[in-house]
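One structure is given here, and the rest of the page talks about it.
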Amino acid sequence: MHTRRRLVFASAVLILTGLLNEGCSHQHAAVATTDRGRGAALFAKNCMVCHNASADAMRIGPSLANEGHKRTLAQIVRAIEEPDPPMPKLYPGTLSEQDVSDIAVYVKTL
């Protein structure tokens, strides 16, 4: 009976680990394969229309200076992929998964 409980517990841990890893796969991929310089260029092209990278000036949207200290990388990715209105939804479409990862890594450094 004790062996059966261990087997059930081990199975539950494996299933939960798989579910957690599935939900975080984008974040792990982003950390492993990002290009901050490319993210800066994509930010300039797609985001600076509304957002500033410094705290000195405001644009249509809020400045993203110090955003990396306020949010985790996963939260920044989520904000890009699932933006709150009136921010436009650029992913998927204008931005690829790689684009989102690169921009998120750049924003994390602001």
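The values are calculated or read from the model by the stated rules, or taken from the named source; none is laboratory data. In this text the structure is predicted, and so the values were computed from the model without any measurement. Heads up, the Cβs are rebuilt from the backbone with ideal geometry, glycines too, and the neighbour counts pull from every protein chain shown.
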Open item on the list: Which residue is farthest from Thr34 (Cα to Cα), if the candidates are limited to segment 62-88 and must be small (Gly, Ala, Ser) and at pLDDT below 95?
Closed with: Ser63
Open item on the list: For segment 58-76, which positions are hydrophobic (A, V, I, L, M, F, W, C) and in a loop (DSSP other than H, G, I, E, B)?
Closed with: Met58, Ile60, Leu64, Ala65
Task: Selected residue (criterion: surrounded by the most Cβ atoms within 10 Å (Cβ to Cβ)) from residues of segment 60-88 that are over 16 Å from Leu110 (Cα atoms) and over 14 Å from the mean Cα position of the chain (by Cα) - done: Met87
TODO: Can you confirm whether segment 77-99 contains a residue that is in contact with a Ser or Thr (Cβ under 7 Å, 6 or more places away or on another chain) and part of a loop (DSSP other than H, G, I, E, B)?
DONE: no
Task: Selection within segment 89-110 - closer than 16 Å to Arg36 by Cβ and surrounded by fewer than 16 Cβ atoms within 10 Å (Cβ to Cβ) - done: Thr109
TODO: Inspect segment 90-98 for any residue being at pLDDT below 95 and charged (D, E, K, R) and give the result as yes or no.
DONE: no
